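The structure appears right after this line, and notes come after that.
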């Protein structure tokens with residue numbers, strides 16, 4: 001019965017279960033070896049027959065595995081031959097490839113002691129993929145399988161043998177990409193072979209942003225999660241006394257961010273110098289593969305409390321290679337959290353390919369230059385094909401990691417990569433926004449070179465010693481702000497006429513007074529609660545349609561630094577749909593072309609002021625207040641911004 | 001509700017909302033079709049697909065909820081698992097579907113939740129993976145079913161689970177191209193990418209994914225006709241509008257594919273006579289492709305549809321109601 005049913009409906013999984021139970025408890029129960037073998041062989045034939053009609057049925061392949069795992073002497077070689085036939089019929093059948101890998105695993109398990117047998121098998125599987133690839137260069141499944149085998153084969157090889165096998169791979173890839181440059185498998189395999197330099201997290205810098213209470217900011221160049229709070233202490237006569245307080249990231253999720261703020265517990269004191277120590281395990285990057293290579297220590301002067309003077313001048317003390325640099329104000333090395341000194345780390349190896357390493361950068365540079373020149377040839381031969389262009393851009397970005405960020409070489413690379421992304425936008429419009437994002441990253445990097453410098457711990461970076469106050473990024477075609485922590489020290493930022501859709505980057509702009517976001521694609525404000533110094537924000541000619549979308553940017557005002565200092569921000573909203581949509585209390589009747597500036601002034605109350613107002617109301621009743629202090633609602637007329645109340 | 005103004009291609013067909021509703025309602029009545037019986041083992045899954053589609057279309061009452069709840073209760077076994085139909089063996093795929101339907105209807109009270117958790121916990125293997133049922137097949141799809149279901153039931157903290165091992169196992173399924181396969185060494189495939197990225201999202205372990213690299217691979221699934229395929233060199237299929245798009249959404253890169261072109265492709269795959277959506281224009285519709293086409297449209301901001309959650313493939317307001325929406 002089950003046979004008939006399964007022929008008609010091979011995915012009726014319950015019937016497969018029933019069949020196996022019948023076999024186990026019935027026919028196979030107490031059967032002798034010969035009968036058992038016959039039964040399983042029969043099952044395998046049954047499956048094979050039906051697999052021909054349904055080569056993609058999970059349940060069929062499962063049943064086959066069950067047979068082989070239950071048999072005393074499964075014929076794995078026959079299985080390999082069988083699956084080989086299926087892959088002739090359909091070289092991309094992933095059930096077939098998965099099954100093939102399963103057979104190899106089973107065989108390898110049996111040969112656990114015989115390492116050479118395992119290697120031989122890996123080699124023969126590797127050769128099988130070579131055959132498949134030569135049959136059809138676009139066999140992604142074969143390239144994929146190859147990628148799982150190469151590492152295994154190279155494991156016990158000498159450095160020379162590895163170089164040889166990798167060179168061989170590059171030859172095969174070149175063959176494939178010259179034969180069919182449109183095919184993605186060989187290109188992705190090439191990228192995988194070349195590998196990516198794992199970038200370490202850079203700590204850009206640290207500074208004091210407030211003295212009463214003490215507030216310190218630490219900026220990273222990427223989003224990190226704090227595993228353990230960074231140690232903050234003050235030195236009094238050579239003794240380090242820990243300071244109590246809390247670390248929070250900017251942004252609505254205060255456990256993740258690129259900018260972290262320490263606020264000391266209220267009422268606490270601190271001495272003339274404050275020290276922050278960040279151990280590598282304290283931080284975990286959100287981006288795969290990056291970490292802090294070793295501990296870092298910052299020492300901050302607190303005697304000079306003129307913030308104007310300080311911000312932009314950053315004191316730092318770096319623990320390079322885990323060795324303390326002696327500095328006039330420090331005595332002794334840093335102990336790790338468990339009391340031991342961090343041991344010296346051997347100079348890290350540089351990646352050459354994903355399988356080979358070297359002590360110097362030369363091998364890497366040579367490889368990249370070789371591959372870049374081969375890919376350039378293809379770009380010339382096939383100017384309308386996107387793959388060589390994309391890969392060239394990626395390879396150039398890898399090459400850039402080997403040079404100083406301020407070098408001419410870096411500049412040349414940056415300019416070319418930007419051009420390449422612009423070419424891609426025209427030849428592959430389906431994925432236009434991805435190229436625009438990548439272009440934004442490259443343009444942003446190029447335009448912010450004045451803000452950063454190479455760190456002593458190359459290739460890490462840090463804030464430049466002298467921080468610019470203003471940055472003009474207008475008309476750069478930016479779709480987003482890739483590294484907002486770079487902008488931490490700015491006072492003014494011009495982003496006029498770009499394609500920015502979100503204001504969330506502003507959460508890291510702790511010092512900014514004026515931001516120009518006119519002529520962008522913003523629909524909703526977010527993240528303004530941590531911009532404590534913001535005074536003026538222009539959003540003219542964006543896509544904000546409702547008042548809630550404006551208010552949303554300030555909703556968490558009370559939770560951010562703004563709430564404590566009280567805010568007074570002027571927001572210009574001319575030529576947004578909200579100007580037309582909103583009626584009633586907010587009479588934003590005319591468009592800005594007719595009347596000039598149509599503005600909304602948002603005035604927010606600090607907690608102090610609100611309590612004062614309540615007290616006044618309680619004491620003297622409604623009549624007692626001649627002017628009501630507003631807390632964020634506003635009135636607008638066509639030309640004049642009116643708000644009832646006393647400016648704070 | 002989606003009220004974003006996604007730029008729509010003016011010549012693209014309209015969403016045949018009423019016809020899709022009728023198509024789904026008619027599904028259980030075709031008892032004379034052989035097809036109906038051949039898909040009996042998928043009945044519970046089919047109900048989840050139909051019910052979810054109706055919710056996204058804004059017509060949650062188009063099916064009899066009470067009847068469905070009663071039916072599902074009959075599908076639960078003593079060990080807590082649900083079968084694909086009454087008297088079908090329990091399996092993690094149908095267990096997830098059953099729980100999703102019951103939570104959407106807010107009728108978890110009808111079943112034994114503790115037993116469901118027992119069943120799922122019993123399916124975790126030494127290496128952190130989950131089997132589909134007691135017969136042992138492992139696949140990253142089943143990991144997602146387990147984690148998804150436990151997350152919906154708020155039982156991820158169960159002491160019998162080793163979630164770190166699960167994360168480690170999923171990471172071992174990551175391939176040379178940044179994608180994920182069905183098991184370690186398995187080729188990258190959009191459906192496996194969805195279940196792996198979904199698992200890592202729920203377990204707050206997305207840092208194991210290179211979002212730029214995987215986003216790139218996912219964006220390459222879009223073909224000239226606007227449709228998405230599941231892996232290189234394969235044909236476009238409406239269901240990938242969901243697997244690829246929701247993955248991109250979890251990686252915050254939905255804008256890396258061309259939305260108007262994809263919307264047009266999905267709408268052209270509608271069956272104008274019977275309602276329902278097929279795998280590609282011109283083919284026969286089925287409820288599987290109907291729900292994923294509609295869910296895809298919702299993720300793309302197609303006007304008039306209820307917002308769908310990219311991780312759970314359930315209405316976003318349901319996920320908000322049970323308190324899971326802020327996680328991602």
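Just so you know, all these numbers are worked out from the coordinates, no wet-lab data involved. Please read these numbers as outputs of a predicted model, since none were measured by experiment. When we count neighbours, we look across all protein chains shown, and the Cβ atoms used for this are built from the backbone with ideal geometry, even at glycine.
Quick rundown of the values:
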item: Exposure proxy ranking, count of Cβ atoms within 10 Å, fewest first, for B:302, B:119; result: B:302, B:119
item: Protection-proxy order for peptides A:31-41, A:240-250, each taking the mean of Cβ atoms within 10 Å per residue, highest first; result: A:240-250, A:31-41
item: Mean Cβ neighbour count within 10 Å, used as a protection proxy, ranking A:534-543, B:245-254 highest first; result: B:245-254, A:534-543
item: Peptides ranked, highest mean first, by Cβ atoms within 10 Å: ranges A:112-125, A:453-466, B:80-93; result: B:80-93, A:453-466, A:112-125
item: Theoretical ellipticity at 222 nm over chain B - DSSP helices of four or more residues, -39500 (n - 2.57) apiece, nearest 500; result: -13500 deg cm²/dmol
item: Spin-label model distance (nm) - residue B:78 vs residue A:268, 7 Å beyond Cα toward Cβ; result: 6.0 nm
item: Relative exposure of A:67, B:173, judged by other C-beta atoms within 10 Å (fewest first); result: A:67, B:173
item: Rounded FRET efficiency, nearest 0.05, which uses the C-beta distance separating residue A:349 from residue A:225 and R0 of 25 Å; result: 0.40
item: Averaged over A:140-151, number of beta-carbon atoms from partner chains that fall within 10 Å; result: 4
item: Difference of contour (0.36 nm per residue) and Cα-Cα distance, residue A:369 to residue A:255; result: 36.9 nm
item: Additional length obtainable on full extension of the chain from residue A:380 to residue A:196, 0.36 nm per residue less Cα span; result: 63.7 nm
item: Relative exposure of A:147, A:206, judged by other C-beta atoms within 10 Å (fewest first); result: A:147, A:206
item: Shape of the stretch B:17-327, Cα gyration tensor, a/c cut at 1.5; result: oblate
item: Inter-label distance, nm, simple model (7 Å from Cα along the C-beta direction), residue A:415/residue B:154; result: 6.1 nm
item: Test item: B:253-259 mean partner chain Cβ contacts at 10 Å; result: 4
item: Using a Förster distance of 51 Å, the FRET efficiency for residue A:77-residue B:223 (Cβ separation, nearest 0.05); result: 0.80
item: FRET efficiency, residue A:465 to residue A:523 (Cβ-Cβ, R0 30 Å, nearest 0.05); result: 0.15
item: The stretch B:63-134 versus the stretch A:493-554: alpha-carbon centroid distance in Å; result: 47 Å
item: Segment residue A:244-residue A:362, length gained on full extension (0.36 nm per residue, minus Cα span); result: 37.7 nm
item: Estimated inter-spin distance, residue B:115 and residue A:501, nm [label 7 Å along Cα→Cβ]; result: 4.7 nm
